[in-house]
Structure formats: C-alpha cells, structure tokens
Amino acid sequence: MNWCCMRNATSVSRISSHSNIPRYFSCALKFHFSNSSTGNLVSRHPSHGQNIKHQSLIQLLQEPHGVQSLDATKALHALTITMGPDPTQPFLASNSIMLKYSAFGDIRIAREVFDNMTKRNVASYNTMISAYSRNGNLLEAWKLFSEMRSCGYEPTQFTFGGLFGCESLDIFQGFQLQALAEKLGLFYIDAFTGTALLGLLGRQGCLDEAMQFFDEMPIKNLVTLNCMISLLGQFECVEESMMVLRNLIRSEMAPSGSTFVGILAGFVGELDLILGEQVHGLVVKNGMNFAASVNNSLINMYAKCSDIHMAEKMFENVPVKDVVSWNTMVGAMAKSERADKALVVFRKMCASSVLPNDITYVNALNCCSSQHFRLLGESIHAKVIQRKFESDVYVGSALLDFYVKCDKLDDAHVCFDEISEKNVVSWNTLMLGYSSKGSSYAILLLRQMIHSGCHPTEFSFSIAVKSSGLLEVLQLHSMSIKMGHIDNDYVSSSLISSYAKTSLVDDALKFVTTNNMPLPVVASNMIANIYNRNGQFDKTQELFSDLENPDTVSWNILIAACSRNGDYEEVFELLGHMRIARVSPDKYTFVSLFSVCTKLCNLGLGSSLHGLIVKTGFKHCDPFVCNVMIDMYGKCGSLASSIKIFNEMTSRNVISWTAIVSALGLHGYAYEALEKFKEMNMTGIKPDKVAFIAVLSACRHVGLVKQGMELFGQMKGKYGVEPEMDHYLIAVDLLARYGYLREAEQLITGMPFPPNTLIWRIFLEGCKKKRSIDDARALAS
C-alpha cells in the first residue's frame, strides 16, 4: 500500500464514527486500494472505478445525515483532494464541500475551497452567496454577486433567495434586486424568489408593499402562503390572515403546522377568541393537534385572548410537553391575574423530565418580582447558578430586576457583575434601583455604561437625572444634548422636574422659551405643574391651549388650577370638554371635582359625580376616591352616604378611618366616632396627626372632655404622635368651652412651644363664657 492509500485509509477511519462512510465507500475503496492482482481490471476500464469512487463520495456529501460534524467534513475534504477532480462533474464535489463547511459555520474554509476551484459554475457562486448571507455578511455576498454577473453567469432563483434572506439587506437594495429578478423573469419560474422577497419585506416592516406584491405574484405555493400568513400574524392583521387561510383551503392545498403557527400568532385579544376557536377546530380537522409547535401556539393564543382556563386545559391535554410548552404556560400564567400559579407550573416543570431553560427562569423570576416572593426568587436564583445561567444577559437582568424590586441592591449588584455581556436593560435596571433610593451612584453607573461602549437610551438619562444634584443636572443636560436625547419626552420632563426640585425654576421654564416646536405633553405637564404651584394659573391655561392632544394629566392639572383659583364653574365645564374629547377621567380628576363640591357644600353636584363613577364602572372608586367621597358627603350633610361608602370599601387606610371619624363628629355622633377610632386601632392601623385632630374635634363638638383629654394624653406615650399646635388648640378649646379654665391654663403654660394668639383668644372666650354663666347664676339667685 503506497503513502497516498494510507492517507485515504486514515481519513476514512477518522470520519467513520461520524457517518455511514463504510456503507457508501466500500465499493470506492475496493478500487482505490486495489493491488497488482486487480490491475488488469482497472486498466481495462480506466475511468469506471474512478467514477464509482466519485459518485460514492458525492452521494455521501449529499446525504442529509451522512456528514454530521465539521471534523467529518474536513476528513471528506481531504479525501476529495487526494482523489482528484471528477472529470465528468468537476464542480459538484467542491460545491458540496463548501455547502457543508458553511452549514457548520466555517465560512473561511468554505471561501478557501471556492477560491481554489479552477472552474466554477452558478451553483458555486450561489453556495457562497447564501453562506455569506446567512452569516449576515452582505458586503462579501454582494461582491460575489457582482463578480458572478461580470463573469457572465446569470443569477438564478437560488441566488436571489440567498440575498433576500440576508438580515443586513436594506429595503432599497431589496427593491434593486426585485427589479433585476423581474427583468430575468424569475418570478414566473417558481415561487422561490417571490417567497424570499416576501420575507425581506416582512423583516423591514413593509406590510403594504408585501400585501401588494403577494397579490401580484404569478406563482404561489404553500410556503408562500405560510410566509404571508406569518407576516400578517406578526402585525396582528387577523382578518387579512384569515382571508389568506381561506384562499389556501379553497386552493385544495393542505395546511401545514407552519400555517397554523403563523395565523395563531396574530390573535391577541378577547375579540379574536371566536376566530381562534375556529382555527382550533381546523387544527383538529387536519390532524395537526399532535404537533407540539401547533399545540404551543394554541396555548399561547388562548392565554393572549384572556381565556386562561382553556389555555390550562390545552396544556394539560397536550400529549408531549416540550420546553416551549412549559415556557408558554409559565409565561401566560405570569401575565394573568393568577401570577402565583405560574410558579406552581414552574415547580411541576422542575419535577418533570424537561429541564428549564433561560426563558423559563426569566418568566419565573418576573413572577417573583411582581408578587414580591423574595424567598422563592432566591431559591430560583440557586437553580440558575446550578444550571450556570447567571452569566446570561436575559436571566441576569431578570435576577437584577428581582433584587432591585425586593430592595436588595447589594445582591442586585452581585448579579449585575456576573453578567458576561451587559446590555442597556441591565444597566438601566441597576441605575433605577439606586435612583429610586435617591443615590447619586446612578450617575456613576451612567458614566461606566458609556465607557463600556453601551449606548445609553433616553430612559438611562431620565433615570440618572432623577437622583442628581444641581451640578449633575447641568452635566446630564449637556450630555443629553450631545447624544441627541434632549427632545425625548422622558428626558426633557425629568430635566424640568430636577431643575424645579433644585429650586432652579427659571431654568426649568427655559424649556418653554427655547423650544421653537411645541413642548411634548409630558414636559408641558411638568411646566404647567410648576406654574400651578407658583399660582400662575393663567400661564397654566395658556400652556394647555398650545397642546394638540392633551392627556388625562394635562386635563387634571388645568382642573386643579381652576379649582385653586376659585373658578368652580369652569372646573365642571372642563369636565364636560374632557369627556367630549374622549379622555377618560381618572381618580385624580374625581378627587379634584369632589373637593370643589365640598368647598361649595353642594350635595346634589357631589351625588351626580358619584353617579358618573357608578355609571362608568367602579375601577376609579379606589380608596383614594372613596376617602374624598366620605369627606364630601359628611361635610355636605349626608352622613348616611358617608357610612354606606365606608362600609362598602374593601380596602381601608388611615385616611378612610379619619374621614369617617370626622364625618361622625361633625354630625354630633361623638360616641360613634370614638368607637370607630378604637376599631381602627384594633385593625392594626396606627392613627396619625390628622386622625387625632378628627377624634378630638368630635369630642369637642359634644363636650366629651374626659374622653378627649384622655386621648390627648395618650398621643405621645401610647401612639408615638407628638402633639402640635392644632392639637393644643382643640384641647384648650375643649377644656375652656366646658368650664375647665384652670386645666386649660395649666395646659397652655405646659406647652413645649410658645402659645400663639389663637390659643389665648380661645382661652379668653372660654373665660368670657364662664363669667356670663356665673353672672347669669348670680342674677337668677
């Protein structure tokens, strides 16, 4: 055996473990390793044995599962070199080798094979163009395309298919290629080129152009229809995608799994549920209900269409659950109102034979973040470390968000440091954690982010600005201008807020004078709020009139401005205009309106507003609004309505209890007010300064001196509330009004701060009243 034969034998032994080479090469090796005893056979047929060897090699290279690794490809490449070119098919072996190298991601060696080819054909160029396109290297693919045409080779549908599939190809280059393909008549040969162009239009977001081209395509196949359905599904065009599906069924083509996966992706709301159920029926009818991808899409569809029970049922009935099935269910549960159940599904997945992946951990951690399940989140973190996912940017960012929301910044920083390739979300999440604490470390993180090469977004600047001092605000303002973020709503509004916070109101107001264009709504609202606080209500109205599309906050600021300015009639006119503009009032709107009703002591107007809330739904009737309604009804004379609203509240806070105590006291029900005060203590809600003012006022209204002074004495010792001037005023009034002048005087002289004129006036009025009573008694006797 000569040296060449030994090389061939070694190559075969190297790749035999990767493929079925012995089966394909038994005949070829028989001829290649023939000794002198078989020489006569070869000499009589000098090309026949060589042809068999080449054919066996080509057969192996073209077998889908014949070559399954890069090493096997290299070994076969060596074998083709030693065997020499096939004179009958000089291109086929090299083209196949190039295809294998590109399939295993080694574009460099594939290009070397291409460059070393003495003769090339269209398939050679197509192979390399497709390889570069899949790798995102449009420049090299375009160079080869130009070289191919200059060498006289006419591009085929596969040439254009490769180029259209390149992620880096922009829409203008795509239109140039479309014109050339049209000129060559490739759209009339088969559907391959047109389908590839549809894919490009979809990636570029050109939906109208894609639909127009689809309608004009002369030849379509199932892949084309699936591509269009998938594209329409991505853009949530449900009716259009259903129309394409109907055309597919009428054309007597059999829908595939990709058909149903594509169309189900577009169903995203409750209104799409009926159509989704119809598609589910088609899935069963076509026997696709056993395909894992289709079942996963159905689960996802039911979850997005707010039928979580059906999604759960689908999941339970799926015959084979893969990691996507579990992830879909965990993600669906996490976004629903039953977020805690997502973690139950996660535990079941961990107990099953399917291992969680990065998406699973992200969904589970997001659920822990939203529900503040700290211990469970930490246990999931342990599993993440066990599976070595902590360096993954998506899992790491989810861990970071979890610890930030659990107020554990040290642990969050550790997770941040573990991420191997940090993205803008990672940086922003950690910055937000420090900014929420008012720490200037967020600004240092922004600097580190820029130095690391990660480009900050508008959210990065708005986060950093919130925790900055005067000097940092000026620096961040300059940096945001330099990086082109100053016109962003978030950045401008954050800068305005920070300037106002640091008492640089003039600098904040400069945003109005320096901008030639109208201010964005958010920034305009911030400026209007500053005008409001400074009492410049006319400026607020002027700013509002410049807004093209004011939002709810804009209307609320203007309503509050009119209320503070005493323009009560205009407040309700604004409510009417707000509703005509189809801007829904929120809880802040109703709070301002009820406050006006209270000031006017207009029970009818307040009741009408209450009716509007009931009519539009109880979503606005949260504790914030209910507290104001209790106060309004109490001060407008309808105690029964105050009690009714209080009793119907499912969630009460200290303001709720204070409001009902105050309402009872105003109407002379001091004993009931005291009972409510005690009940508040029993529920675990600690009374604050305002609550004591309410209960002491209730005692003063009906003369419960003993109970009132007992509560006053317990304020600091039992409840930890330091009495202020308002509390002393009520206590002195309570004593002086009912004849306890000596005790009132002692209380005044024992005050920890000097008494004001109002306290002495109250005391003197008590003395005057006592003298009048004594004189009346003397006269009577």
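The values are calculated or read from the model by the stated rules, or taken from the named source; none is laboratory data. Predicted model only: the values in this text are computed from it and were never measured. Cβ atoms come from the backbone with ideal geometry, glycine included; neighbour counts cover every protein chain shown. These accessible areas exclude ligands, DNA and RNA; they are computed on the full protein's heavy atoms, side chains included. Shrake-Rupley method; radii C 1.70, N 1.55, O 1.52, S 1.80 Å.
So if I take the centroid of the Cα atoms in the range 230-306 and the same for the range 414-434, what is the distance between those two points in Å?
Cα centroid of the range 230-306 versus Cα centroid of the range 414-434: 38 Å apart.
How high is the relative contact order of the chain, in percent, with contacts defined as C-alpha pairs under 8 Å that are six or more residues apart?
After rounding, I find 3 percent.
So what's the range 159-257 giving for Rg/Rh, alpha carbon basis, Kirkwood Rh from the mean inverse pair distance?
Value, to two decimals: 0.95.
Can you check what the Kirkwood hydrodynamic radius comes to for the range 272-320, Cα pairs only, in Å to one decimal?
Hydrodynamic radius (Kirkwood, Cα pairs) of the range 272-320 is 10.6 Å.
Contour minus end-to-end for residue 278 and residue 679, with contour as 0.36 nm per residue of separation and end-to-end as the Cα-Cα distance?
138.8 nm
Rounded to the nearest 10 degrees, what's the angle between the helix 441-451 long axis and the longest principal axis of the chain, both from Cα atoms, 0 to 90?
20 degrees
Spin-label point model (7 Å from Cα, Cβ direction): what's the residue 372 to residue 352 distance in nm?
In this crude label model, residue 372 to residue 352 measures out at 3.2 nm.
For the range 563-677, just run the numbers: alpha carbon Rg, then divide by 2.2 N^0.38 Å, N being how many residues it has.
1.07
If amide hydrogens are placed 1.01 Å from N in the peptide plane, which non-local residues have theirs closer than 5 Å to the one on residue 288?
none
I'm a student and want to see the number: the projected area of the Cα convex hull of the chain, averaged over all directions, in nm².
The directionally averaged projection comes out at 49.8 nm².
Using helices alone, what [θ] at 222 nm do you get for the chain, with -39,500 (n - 2.57) per DSSP H run of 4 or more residues, divided over all residues and rounded to the nearest 500?
Value at 222 nm, helices only: -22500 deg cm²/dmol.
Please report the accessible area of residue 689 (heavy atoms, 1.4 Å probe, ligands and nucleic acids excluded) in Å², nearest 10.
90 Å²
What order do 555, 142 take when sorted by accessible area (1.4 Å probe), most exposed first?
142, 555
Going highest first, how would you order 348-354, 751-757, 640-646 by mean Cβ packing within 10 Å?
640-646, 348-354, 751-757
Probe radius 1.4 Å, ligands and nucleic acids left out: which of 760, 427 has the largest accessible area, and how do the rest follow?
The residues order as 760, 427, largest area first.
What is the dipole size for the chain, taken about its Cα centre, with +1 at each Lys and Arg Cβ and -1 at each Asp and Glu Cβ, in debye to the nearest 20?
That gives a dipole near 1780 debye.
Which of the GluC sites (Glu not before Pro) across the range 359-437 are loop residues per DSSP, with 11 or fewer other Cβ within 10 Å?
Passing both the DSSP loop test and the Cβ count: 421.
Using θ = phi - 60° and the Karplus curve 6.51 cos²θ - 1.76 cosθ + 1.60, what whole-Hz ³J(HN,Hα) does each residue of the range 628-637 get, with Gly and Pro shown as x?
5, 5, 4, 5, 4, 5, x, 7, 9, x
Over the chain, average the accessible area per residue using a 1.4 Å probe and give it in Å², no decimals.
That works out to 51 Å² per residue.
Starting from the Cα gyration tensor of the range 271-352, take the square roots of the eigenvalues, sort them a ≥ b ≥ c, and report rounded, prolate or oblate (rounded when a/c is under 1.5, otherwise prolate if a/b is larger than b/c, else oblate).
Since a/c reaches 1.5 but b/c is at least a/b, the shape of the range 271-352 is classed as oblate.
Evaluate Rg over Rh across the range 357-454, taking Cα atoms for both radii and Kirkwood's formula for Rh.
Rg/Rh: 0.96.
Compute the helix-to-body angle for 757-780: its Cα long axis versus the longest principal axis of the chain, expressed 0 to 90° and rounded to tens.
That works out to roughly 40 degrees.
Computed over the Cα atoms of the range 310-360, what is the ratio Rg over Rh, Rh following Kirkwood?
Radius of gyration relative to Kirkwood radius: 0.92.
Project the alpha carbons of the range 657-758 onto their principal axes and report the range along each, largest first, in whole Å.
36, 27, 20
What are the equivalent ellipsoid semi-axes of the range 555-608, built from the alpha-carbon gyration tensor (square roots of five times its eigenvalues), in whole angstrom, biggest first?
After diagonalising the Cα gyration tensor, the semi-axes are 17, 12, 10 Å.
Considering only protein heavy atoms, what is the solvent-accessible area of residue 147 at a probe of 1.4 Å, reported in Å² to the nearest 10?
Accessible area of residue 147: about 60 Å².
Report the dimensions of the range 409-460 along its three principal axes from the alpha-carbon atoms, largest first, rounded to Å.
The Cα atoms of the range 409-460 stretch 26, 24, 15 Å along their principal axes.
Modelling each spin label as a point 7 Å along the Cα-to-Cβ direction, I'd like the residue 140/residue 482 distance in nm, to one decimal.
3.7 nm
Take the cross-link list 635/678; 539/587; 635/676; 220/335; 74/388; 383/408 and give me the ones stretching past 29 Å between alpha-carbons.
Among 635/678; 539/587; 635/676; 220/335; 74/388; 383/408, the Cα-Cα distance tops 29 Å for 220/335; 74/388.
What is the helix-to-structure angle for 725-737, meaning the angle in degrees between its Cα long axis and the longest Cα principal axis of the chain, kept from 0 to 90 and rounded to the nearest 10?
30 degrees
State, to one decimal in nm, how far the label point of residue 250 lies from the label point of residue 149, with both points 7 Å from Cα in the Cβ direction.
Distance between label points: 3.9 nm.
Once the Cα gyration tensor of the range 227-277 is diagonalised, what are the square roots of 5 times its eigenvalues, in whole Å and ordered largest first, as equivalent ellipsoid semi-axes?
18, 11, 9
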